[in-house]
1. Looking at Tyr395, is it under 22 Å from Val71 (Cβ atoms), open to solvent by 20 Å² or more (accessible area, probe 1.4 Å) and part of a helix (DSSP H, G or I)?
2. Considering the stretch 150-164 alone, what residues qualify as being small (Gly, Ala, Ser) and open to solvent by 70 Å² or more (accessible area, probe 1.4 Å)?
3. Among the candidates Val34, Val43, Val80, single out the residue that is farther than 17 Å from Lys392 by Cα, hydrophobic (A, V, I, L, M, F, W, C) and surrounded by fewer than 24 Cβ atoms within 10 Å (Cβ to Cβ).
4. Find the residue count for the stretch 317-338, including only residues that are of a type outside the set (Val, Ile, Thr) and within 24 Å of Ser58 (Cβ to Cβ).
5. As an exercise: evaluate Leu167 against (1) within 22 Å of the chain's Cα centre (by Cα); (2) open to solvent by 20 Å² or more (accessible area, probe 1.4 Å); (3) not charged (D, E, K, R) and give the number of the one condition it does not meet.
6. Check the stretch 248-259 and report whether any residue there is over 24 Å from Ala364 (Cα atoms) and under 17 Å from the mean Cα position of the chain (by Cα).
7. Being closer than 30 Å to Ala5 by Cα and within 20 Å of the chain's Cα centre (by Cα) is true for just one of Ala62, Ala107. Which residue is that?
8. Name every residue in the stretch 128-142 that is of a type outside the set (A, V, I, L, M) and either on the phi < 0 side of the Ramachandran plot or part of a strand (DSSP E or B) (or both), in order of residue number.
Amino acid sequence: MANAAFRVVSPRPLHSFEPTVDTACFSVDREYFVFPGFCDVHVHFREPGFSYKETIASGTRAAARGGYTAVCPMPNLDPVPDSAAHLRVELDAVERDAAIAVYPYGAITVGEKGEALADLEGIADSVAAFSDDGHGVQSRDMMREAMLRAKALGKLIVAHCEDNALLRGGYIHDGAYAAAHGHRGICSESEWRQIERDLALAAETGCGYHVCHISCKESVELIRQAKRAGVDVTCETAPHYLLLDENDLQEDGRFKMNPPLRAREDRLALLEGIQDGTVDMIATDHAPHSAEEKARGLEKSAFGVVGIETAFPLLYTYLVKTGELTLERLLELLTVNPRRRFSIPFGEDYTVWDLNQTYTVDPADFLSMGRATPFAGWNVYGKCMLTVAGGKTAYRDKELQ
């Protein structure tokens, strides 16, 4: 098996990364790349409450196939994990069915309704952080109190930033495509205005603050300036905001997500933020729905697309191979930065890729129960061959059977 070459790529300063690969499983005359296991701090696995969309079992298997060995599922579930009893329902499913490490979020407010704070103290030891993802916390005073309590508990506030007063019934970006096709738009201010508010609160309280799925140029600049001022803030964006904009929209529910695909200048600002360190990590916001829920067009389909199986191949093909990012920088965004910010250990985790394999993204081939992706039909480089999580095989490509 000497002709099967393995190249270990580990972003500095991850010096302790020493994967053990059974070389007898791999084909000769190929080069394989071994990376630390990816970490996604923003996924939706839908269990408990919505298992017809995704389950812990299907979601973690899909994640492992994408090279992920640690994930943080968001709390828009039923029951919402806003108390120890409600969180236990999710934890039981994780303990029973997870193929990789799972670190759930706890809710900021009871039922994610924004009316009363959740039992932050009662769930802090069992959650990665606090978030009301899917909803912006509308009350400034409530967000301030949440930050004070989270800081005392040593936890991050992770914010879906959305000012409801500015939504006006929109469902795609309030830009040229919406105007040309008669759609109601979501303005960028609905995102960045709440980020602006929260950054001021984070500066006041000293709470660690993380912004979910930023999508517009104003958000990038606000976070850039806050970092320069010493605010304890990080942020993420998602592959679809880096690779697509409103010019790519089609009259199809697989192009509908929240926040929406915005203008070209927003996409370019996000890329600049990735390059200069303003944007700290890339998360997928993997959000599966049933086929029926995504078959109602742009106006009536549910918000959300899947992406945990395609994130690395897409980013490698269209950012690394094009020279926008180095491979090492991409791995920092997918491995080191999210784990460090969320205190998620590296463990005995790694993933093996054949970066020379090419194929077309085909949703019918997904392990996820979700199929709605704007990248269907895209040609990519990079196939995951093996993922090891906690020293155990979490995914093994059929070529290795």
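1. Considered against the rule, which asks whether it is under 22 Å from Val71 (Cβ atoms), open to solvent by 20 Å² or more (accessible area, probe 1.4 Å) and part of a helix (DSSP H, G or I), Tyr395 comes out as no.
2. Hit for the stretch 150-164 is Ala152, nothing else.
3. On the way: Val34 fails: farther than 17 Å from Lys392 by Cα; Val43 fails: surrounded by fewer than 24 Cβ atoms within 10 Å (Cβ to Cβ).
Matching residue, one of Val34, Val43, Val80: Val80.
4. 2
5. (1)
6. yes
7. Selected residue: Ala62, the only one of Ala62, Ala107 that is closer than 30 Å to Ala5 by Cα and within 20 Å of the chain's Cα centre (by Cα).
8. Residues satisfying the conditions are Phe130, Ser131, Asp132, Asp133, His135, Gly136, Gln138, Ser139, Arg140, Asp141.
The values are calculated or read from the model by the stated rules, or taken from the named source; none is laboratory data. All values derive from a computational prediction rather than experimental measurement. Heads up, the Cβs are rebuilt from the backbone with ideal geometry, glycines too, and the neighbour counts pull from every protein chain shown. Note: accessible area is taken over every heavy atom of the protein model, side chains too, but ligands, DNA and RNA are not part of it. Shrake-Rupley method; radii C 1.70, N 1.55, O 1.52, S 1.80 Å.
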